Amino acid sequence: MHSKLFFALLILAAIALSCGSSSHIPQSVTLTPASATATNGSVQFTATVTYNTMPSPVTNPPATWGACVGNANVNGVSVSTTGLAQCSQGANQSYTIYAFVPDPDFKGVCAGGAEQLPCGGSCGGVVGTAQLTCP
């Protein structure tokens, strides 16, 4: 009787553990360079993410990249999926470059229904920012 109960509890514990989190949760994102001027029209940014478990830190994991001014996305700068920021012709101001790294365990609903908000604000992940000046 006790062995059947023990076996049943062992099976339930295994099921509960297998349905848990991925445990590799992003804690912070740092972009380098922290500030740059696009003298040749573009700048390569690098994202370094610190996680709660190893491997950590990780350079250039999958991220959503973007650019903004104030709290609005802009058309004056484009940022590739690898962090290459390129100034559009006529863009001549400072922009915030951001990289958003989602939390793989996030299963909630963010305010407004979006996990990633304009200008790097985030729900369900972490974000890092840097400054880019288009001369």
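Only one of THR30, THR39 is in contact (Cβ under 8 Å) with a residue 24 or more places away in the chain, outside any loop (DSSP other than H, G, I, E, B) and not aromatic (Phe, Trp, Tyr); which?
On the way: THR39 fails: outside any loop (DSSP other than H, G, I, E, B).
After applying the criteria, what remains is THR30.
Starting from residues that are among the aromatic types (Phe, Trp, Tyr) and under 14 Å from the mean Cα position of the chain (by Cα), keep the ones in region 88-105 and report whichever is surrounded by the fewest Cβ atoms within 10 Å (Cβ to Cβ). Steps first, please.
Looking only at region 88-105, we keep the residues that are among the aromatic types (Phe, Trp, Tyr), and these are 95, 98, 100.
Adding the requirement that they be under 14 Å from the mean Cα position of the chain (by Cα) leaves 98, 100.
Details: TYR98: 27, PHE100: 24.
Looking at the filtered set, the residue picked out is PHE100.
Only residues that are buried (at least 17 other Cβ atoms within 10 Å of the Cβ), β-branched (Val, Ile, Thr) and either touching a helix residue (DSSP H, G or I) at 6+ places or on another chain (Cβ under 7 Å) or outside any loop (DSSP other than H, G, I, E, B) (or both): list them for region 51-87, please.
Those that are buried (at least 17 other Cβ atoms within 10 Å of the Cβ), β-branched (Val, Ile, Thr) and either touching a helix residue (DSSP H, G or I) at 6+ places or on another chain (Cβ under 7 Å) or outside any loop (DSSP other than H, G, I, E, B) (or both): THR64, VAL77, VAL79.
May I ask you to list the residues in region 4-35 that are modelled with pLDDT of 50 or more and of a type in the set (S, T, N, Q)?
Result: SER21, SER22, SER23, GLN27, SER28, THR30, THR32, SER35.
Might you let me know whether region 71-89 holds any residue that is in contact with a Leu (Cβ under 9 Å, 6 or more places away or on another chain), modelled with pLDDT of 95 or more and over 19 Å from VAL127 (Cα atoms)?
yes
Restricting to region 38-97, name every residue that is under 30 Å from SER23 (Cα atoms) and of a type in the set (A, V, I, L, M).
ALA47, VAL49, MET54, VAL58, ALA63, ALA67, VAL79, LEU84, ILE97 - these are the residues of region 38-97 that are under 30 Å from SER23 (Cα atoms) and of a type in the set (A, V, I, L, M).
Between residues in region 43-67 that are without any contact (Cβ under 8 Å) to a residue 24 or more places away in the chain and residues that are crowded, with 17+ Cβ neighbours inside 10 Å and assigned to a loop (DSSP other than H, G, I, E, B), which pairs lie under 8 Å by C-beta distance while being six or more apart or on different chains?
If the second residue must be crowded, with 17+ Cβ neighbours inside 10 Å and assigned to a loop (DSSP other than H, G, I, E, B), the pairs left are ASN60/GLY83.
Quick check on ALA38: is it over 11 Å from GLY83 (Cβ atoms), among the aliphatic types (A, V, I, L, M), at pLDDT 95 or above and surrounded by fewer than 17 Cβ atoms within 10 Å (Cβ to Cβ)?
Numbers: over 11 Å from GLY83 (Cβ atoms): yes; among the aliphatic types (A, V, I, L, M): yes; at pLDDT 95 or above: yes; surrounded by fewer than 17 Cβ atoms within 10 Å (Cβ to Cβ): no.
In short, no.
The values are calculated or read from the model by the stated rules, or taken from the named source; none is laboratory data. Quantities reported herein were computed from a predicted structural model and do not represent experimental measurements. With ideal geometry, Cβ positions are generated from the backbone for all residues, glycine too; neighbour counts draw on all protein chains shown.
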